[in-house]
Amino acid sequence: MPTISRDEVAHLARLARLAVTEQELDKFAGQLDIILQSVAQVTEVAADDVPPTSHAVPLTNVFRDDVVRPGLTQQQALSGAPAAEDGRFRVPRILGEEQ
Amino acid sequence: MSELTRLTAAELAAKIQAKEVSAVEVAQAHLDRIADVDPAVHAFLHVSAESALAQARAVDEDVAAGNQPASPLAGVPLALKDVVTMQGAPTTCGSKMLEGWHPPYDATITTKMLEAGIVILGKTNMDEFAMGSSTENSAYGPTRNPWDLDRIPGGSGGGSSAALAAFEAPLAIGTDTGGSIRQPGAVTGTVGVKPTYGGVSRYGLVAFSSSLDQAGPCARTVMDAALLHEVIGGHDPLDATSIDEPVPAVVQAVREGSIGDLRGLKIGVVKEFSGDGYEPGVMVSFNEAVERLRSLGAEIVEVSCPHFKYALSAYYLIAPSECSSNLARFDAMRYGIRVGDNGERSAEEVMSLTRDAGFGPEVKRRIMIGTYALSSGYYDAYYGSAQKVRTLIKRDFEAAYEKADVLVSPTTPTTAFPLGERTDNPMAMYLADLCTIPASLAGHPAMSVPSRLSGVDGLPVGLQIMAPALQETRMYRVAAAYEVARNEADGGPLINRVPELEVAR
């Protein structure tokens, strides 16, 4: 039995905002199944008494003095935008018909 | 080919300071070499000839004025992986998503290198967003291995490794998340170093897997890598994970190592890095390297790291999970391409269409695996378990370093494989990272140095040397001692055996 079905892959693609084609779905469903079955090995040794490690080196929060430092200008910030208008990012409509 | 392109970075810097050659001549020789061979190798995505020559002129003016050199690498050309931002050139990460994107700021390491007088020749090809082991995942076509143009140069930093092996640059920058500096180094007969996590600033690197990503030096000799390491290393307040400690004295360690005396040092051979999947040509080269280390006076001990066999699985859950989150920023709103914005579609629809058009198959696979592993109901089994394996691997390392000062293994189980061989089989591609991933998960430093060519196919093999966190000096010392002894026994550096490339003009 596959770990993950084609429908589940389609659902994942939606969650990840990837408008994948039917062809891509056919290909990914099989590949993701093989990968997930393989990586599931981790459950063999992940006993309850083993603490998780999220970072290689122990981290503590880093603060800096609350002083103004140079940042990007408005022009720089917008320089890579696919569309800009009146000094702002221009985006497609946010709300759908039904919202 | 100009003899200048055959010299090491240290030699070039010395000649420039001695006024035997100008930095501009050095830069021009490398730009000419790129024009000659890059149509075949395709190591570069962008060549910054004008700014490189301007940087070289500034170094020459310094020399003429009798000023102290900005660094021991002043005037030396370098190839910069396209995941690192530099103003005045595009940063694409090998992705259509960022095609033509000009970053409005420099990465900290870019700033440090420019201040050190290093001349940045251009941006090198890579697997898209550093996901891959062959550069075949680049949206701009693969890079080819100068040892055999039908084979892969490793990945993700295959552009950087190929640029070194093709004598297009004596120095390069790579980034290593699971092996992307070391494995390309191994398959091209060059040196690649992944510093301790946090040892080199990540500010200005496009993030893939933030708890693993680490930039590092690539070169043709251990000394050149060490010189570059000292330029780029050190604390950066702009990177919250940057280690606030002095840069390890790796150049001094190389000088000490070059004497060729490893007496008193214990070197651990990791038992688990052998067996199925390891090519005989790789194992013969590796075993010979171990014997050479023994002959230099090191004590060789066998160590067992029983959980390393789970490292690959843990990595291919942790890295995709972090990437699914990091790559959410590519939403078609603030930078990168936008597809399907016809005035009717919603932001979400445009976002989905853009991400489908902008990302290649491997990036999509990893985003979906990460999305799956982080979703409720699966989180504990997948991501949670992978984090526990990370603990077990750290414990394995701790036990191993009680018996040995450094650990060694082959860098990757095979020599460079043919282009196309693994593109339809993601799991086979992932196996290229088998030996490099444990040190990545633990955050430890590790490097690859060329060992003897494989007797089977005549291609380069890499010796991986690993050390505990912040103990870079140990690993550089061993690498330098090995390099000297290897070159002596083999009649010169391995890189001298790379075949002459056909010149395009």
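We did not get these values from a lab; they are worked out from the coordinates using the rules stated. Computed from a predicted model, the values in this text were never measured in an experiment. Positions of Cβ are backbone-derived with ideal geometry, glycine not excepted, and every protein chain shown enters the neighbour counts.
Annotations for the structure displayed:
- Taking chymotrypsin sites (Phe, Trp or Tyr not before Pro) across the range A:5-93, the ones in a DSSP loop with at most 13 further Cβ atoms lying within 10 angstrom of their Cβ are A:F63.
- Shielding by other protein chains, B:303-314, mean Cβ within 10 Å: 3
- Of the residues A:Q41, A:Q23, A:Q75, the one that moves most in a GNM of chain A with alpha-carbon contacts below 10 Å is A:Q75.
- Pairs of Cα atoms nearer than 8 Å and 6+ residues apart set the relative contact order; for chain B it is 18 percent.
- Per the Debye calculation on the range A:31-75 with a single equal scatterer at every Cα and no solvent contribution, log₁₀ I(q)/I(0) for q = 0.19, 0.26, 0.27, 0.30 Å⁻¹ amounts to -0.83, -1.04, -1.03, -1.03.
- Extended-chain gain in nm, criterion 0.36 nm per residue less alpha-carbon gap, B:A240 and B:R6: 80.3 nm
- Normalised by the number of residues in the range B:106-197, the mean separation of alpha-carbon contacts (under 8 Å, six or more apart) gives a relative contact order of 21 percent.
- B:K19-B:A40 FRET efficiency (beta carbon distance; Förster radius 35 Å; 0.05 resolution): 0.50
- Here the range B:289-413 yields Rg over Rh of 1.21, to two decimals, using C-alpha coordinates and the Kirkwood radius.
- When each of B:I120, B:I300 is scored by the number of other beta-carbon atoms lying within 10 Å, the sequence from fewest to most is B:I300, B:I120.
- Relative exposure of B:V24, B:V406, judged by other C-beta atoms within 10 Å (fewest first): B:V24, B:V406
- Within-12-Å neighbourhood charge of B:G88 [Cβ basis; K, R +1; D, E -1]: -1
- Straight-distance crosslink candidates among lysines, where the alpha carbon sits under 27 Å from B:K403 and sequence neighbours closer than 8 are dropped: B:K194, B:K266, B:K271, B:K309, B:K388, B:K394
- Cβ-defined net charge surrounding B:L4, 14 Å radius [Lys, Arg +1; Asp, Glu -1]: -3
- Between 0 and 90°, nearest 10: helix A:22-39 axis offset from chain A longest Cα axis: 70
- Using the Cα coordinates of the protein assembly as shown, the gyration tensor eigenvalues translate into equivalent-ellipsoid semi-axes of 36, 31, 23 Å, sorted from longest to shortest.
- In percent, rounded to a whole number, the relative contact order of the range B:1-146 is 27, using alpha-carbon pairs under 8 Å and six or more apart.
- Among A:A84, A:A16, A:A46, the largest mean-square fluctuation in a Gaussian network model of chain A (Cα springs under 10 Å) belongs to A:A84.
- Taking only the C-alpha atoms of chain B, the Rg (one decimal) and the largest Cα-Cα distance, Dmax (whole number), read 21.5, 73 Å.
- For A:84-94, mean number of other protein chain Cβ atoms within 10 Å: 4
- Taken as Cα centroids, the range B:137-163 and the range B:243-300 sit 27 Å apart, rounded to the nearest whole angstrom.
- Over the range B:119-175, equivalent-ellipsoid semi-axes from the Cα gyration tensor in Å: 16, 14, 8
- Take each residue in B:343-351, count the other chain C-beta atoms within 10 Å of its C-beta, and the mean is 5.
- Approximate spin-label separation A:D26-B:E99, in nm, with each point projected 7 Å along Cα-to-Cβ: 2.6
- Excluding same-chain neighbours fewer than eight residues apart, the aspartates and glutamates reachable from B:K112 by a Cα-Cα span under 18 Å are B:D62, B:D82, B:D224, B:E230, B:D236, B:D239, B:D244, B:E245.
- Using 0.36 nm per residue and subtracting the Cα-Cα separation, the extra length available between B:S325 and B:R255 on full extension is 20.9 nm.
- Bridgeable lysines around A:K27 (alpha carbons under 23 Å apart, same-chain partners fewer than 8 residues away excluded): B:K96, B:K364.
- Within the range A:1-87, the trypsin sites (Lys or Arg not before Pro) that combine a DSSP coil assignment with at most 10 other C-beta atoms in a 10 angstrom radius are A:R64.
- Segment B:N487-B:K309, extension gain: residue separation times 0.36 nm, minus the distance between their alpha carbons: 60.8 nm
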